[in-house]
Amino acid sequence: MPTVMIHQPEYLPWMNLFFKMALSDVFVFLDTVQYSRRSFQNRNKIKTKLNAKWLTVPLKYAPRDEIVMKVKIDSSQNWEKQHLNLINDSYNSAAYFKEIFSLMEPVYARRQEYLSELNCDLTMKIAEILGIRTKFIKSSELSVKGRKSELILNICLKLGARRYISGIGAKAYLDEDKFIKNDIDIIYLPPAKIEYRQVHPEIGFIPDLSAIDYLFNNGTKDFWIDLRKYMTNCGIEGEFINGNA
């Protein structure tokens, strides 16, 4: 019975997502819920020579109640070139920039029509680079209904989950009793607090940036070491790695 993680597709997610992902057997892109404006679904931060800066994917107009999988990118703007140029300008002196950038760049060349597809592709590419072998699936492929806690539970039941990995913020809405009744353990995990070498040290360390900041500066060599430290801090046993390590 698998350990499952469920998360809305985000643009160039932070490292916390990948630490949790590495502890799961199945990662579900939650693309059937309402799109959240001014969230991380179409933007994230990188470190420039001066400060942290947003990279924002421009979107076409969509109704307020539009679901994630139907939100379209505004391709009339040459945003891919702008993002890649800013990433290059900000990180070209980083130790692993050339190696990682060459792997990420082709994803942008696909020029996806839908934001969700772009986010899923980039997330899966980062996971591949890190060596995470989790199975990926979209909630739109599962024909599961419900809202909030009910939807999460129904996805877990559909996948035969034994454990559900979640951020601590979900405590506010998950109906834990129903998970217990269905023999599913909820594992709440806090954000990881890690520091690593960054470019532009003169402006200090900036936390909680996109995972590409970690990769350009650190490569993949310390990921599993940092994951083990995170697990120790969270009191998690090694069995959670589920063949990824």
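Just so it is clear, none of the values below were taken in a lab; they were calculated from the coordinates. Not measured: the values here are computed from a predicted model. Ideal geometry is used to build each Cβ from the backbone, glycine not excepted, and the neighbour counts take in all protein chains shown.
What to note about this one:
- Computed extension gain for Lys148 through Thr232, at 0.36 nm per residue and net of the alpha carbon distance, reaches 27.2 nm.
- Under 18 Å from Lys221, Cα to Cα: aspartates and glutamates that are on another chain or at least 8 residues apart: Glu99, Glu128, Glu195, Asp213
- Counting 0.36 nm for each residue step from Asn182 to Met124 and taking away their Cα separation leaves a gain of 17.9 nm.
- Sequence-separation-based contact order of the stretch 63-137, relative, with Cα cut under 8 Å and 6+ spacing, percent: 40
- For the chain, the longest piece that avoids every one of the GluC sites (Glu not before Pro) found in DSSP loops with at most 12 other C-beta atoms within 10 Å covers 1-112.
- Computing mean projected area of the Cα convex hull in nm² directly from the structure and comparing it against (i) 19.0; (ii) 13.1; (iii) 34.7 singles out (ii).
- Loop-located chymotrypsin sites (Phe, Trp or Tyr not before Pro) in the stretch 158-238 (DSSP state other than H, G, I, E, B) with a sparse environment of at most 13 neighbouring Cβ atoms within 10 Å: Tyr173, Tyr196, Phe205.
- Rough spin-label spacing in nm, given labels placed 7 Å along Cα→Cβ, for Asn78 and Ile225: 4.2
- Helix-only arithmetic for the chain: the sum of -39500 (n - 2.57) across DSSP H runs with n ≥ 4, divided by the residue total, places the mean residue ellipticity at 222 nm at -10500 deg cm²/dmol.
- DSSP finds beta bridges in the stretch 3-241, and of those with both partners inside it, around 35 percent are antiparallel.
- Stretch gain in nm, segment Ile168-Lys193, where the contour uses 0.36 nm per residue and the Cα spacing is subtracted: 7.6 nm
- In summary, the aspartates and glutamates within cross-link reach of Lys158, defined as a Cα separation below 19 angstrom excluding same-chain residues under 8 places away, comprise Asp25, Asp31, Glu141, Glu150, Asp175, Glu176, Asp177, Asp183, Asp185.
- Residue range of the chain that is longest and free of trypsin sites (Lys or Arg not before Pro) which are both DSSP loop and sparsely packed (at most 14 other C-beta within 10 Å): 65-109
- Ascending count of other beta-carbon atoms within 10 Å, so fewest first, for Cys120, Cys156, Cys234: Cys234, Cys120, Cys156
- The chain - charge dipole about Cα centre, Lys and Arg +1 at Cβ, Asp and Glu -1, debye rounded to 20: 380
- In this simple spin-label approximation, Ser39 and Ile67 carry label points 7 Å from Cα along the Cα→Cβ vector, and these lie 1.4 nm apart.
- Neighbour counts of C-beta atoms inside 10 Å place Trp54, Trp14 in the sequence Trp54, Trp14, starting with the fewest.
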